[in-house]
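Data first, discussion second: the structure below is written as structure tokens.
What follows is calculated from the coordinates using simple rules that are stated; it is not laboratory data. All values reported here derive from a predicted model rather than from experimental measurement. Here the Cβ is made from the backbone with ideal geometry for all residues, glycine too, and neighbour counts use every protein chain on show.
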Amino acid sequence: MNYSKVFVKRLLILVLLVVSCTTTAQTKIDNSKGVTFEIKNFGLTVEGSFSGLKGEINFDPQNVSTALFDVSLEVSTVDTGISLRDNHLKKEEYLDAKNYPKMKFVSKSVVKDDKSNTWILTGRLTIKKTTKEISFPFLVSKQNAHDNFKGEFRINRRDFGVGGKSFSMADEVRVILDIKN
């Protein structure tokens with residue numbers, strides 16, 4: 001019997017087991033349209049989305065102390081259905097895609113809200129050169145062996161230096177998340 005072949009096979013099996021255990025705890029995400037937004041412009045609701053949400057989500061409801069949401073998206077992927085408007089939003093006065101190509105969110109904590117049966121996610125949102133702490137509720141469900149995270153929050157665009165002194169745009173932006181990983 002060739003002991004070196006047996007050793008290599010056992011080592012390979014051990015490595016595969018370790019890798020499969022760690023990938024269930026941490027999941028890399030790459031969503032196409034998991035982040036949408038709404039804002040009033042001249043009194044009308046404008047809807048849009050960002051594609052290519054990427055990052056890492058580590059969420060175990062039995063051990064939330066290890067939870068991590070570290071995600072970002074490319075500002076240049078903004079899509080409102082009108083390319084002229086999308087190009088305008090990429091300019092310096094708005095999202096400044098050239099100098100700040102990514103928006104980022106990194107979690108600080110996750111806690112269970114037993115009253116509403118939701119989770120409360122707190123973290124730091126960075127848009128352009130501004131980082132602010134936000135908190136918002138989210139739901140998590142299983143779909144085809146994948147986690148689905150749904151939530152929403154509202155921010156003031158002016159807090160992040162988006163839109164300059166525009167009076168046609170409302171200050172409040174509603175952000176809707178539907179993230180599958």
Quick check on my link table: of LYS129/LYS180; LYS104/LYS180; LYS40/LYS180; LYS91/LYS128, which ones sit more than 23 Å apart, alpha carbon to alpha carbon? LYS129/LYS180; LYS40/LYS180
How large is ³J(HN,Hα) for each residue in the range 175-180, as worked out from phi by the Karplus curve 6.51 cos²θ - 1.76 cosθ + 1.60 (θ = phi - 60°), to whole Hz, x for Gly and Pro? 10, 10, 10, 9, 10, 10
Reciprocal mean inverse distance between Cα atoms of the range 36-181 - Kirkwood radius, Å: 16.2 Å
Low-density loop cleavage sites - trypsin sites (Lys or Arg not before Pro) in the range 120-181, where at most 15 other Cβ are within 10 Å (DSSP): LYS129, LYS165
Whole-Å semi-axes of the ellipsoid equivalent to the range 69-143 (Cα gyration tensor, √5λ, descending): 30, 15, 10
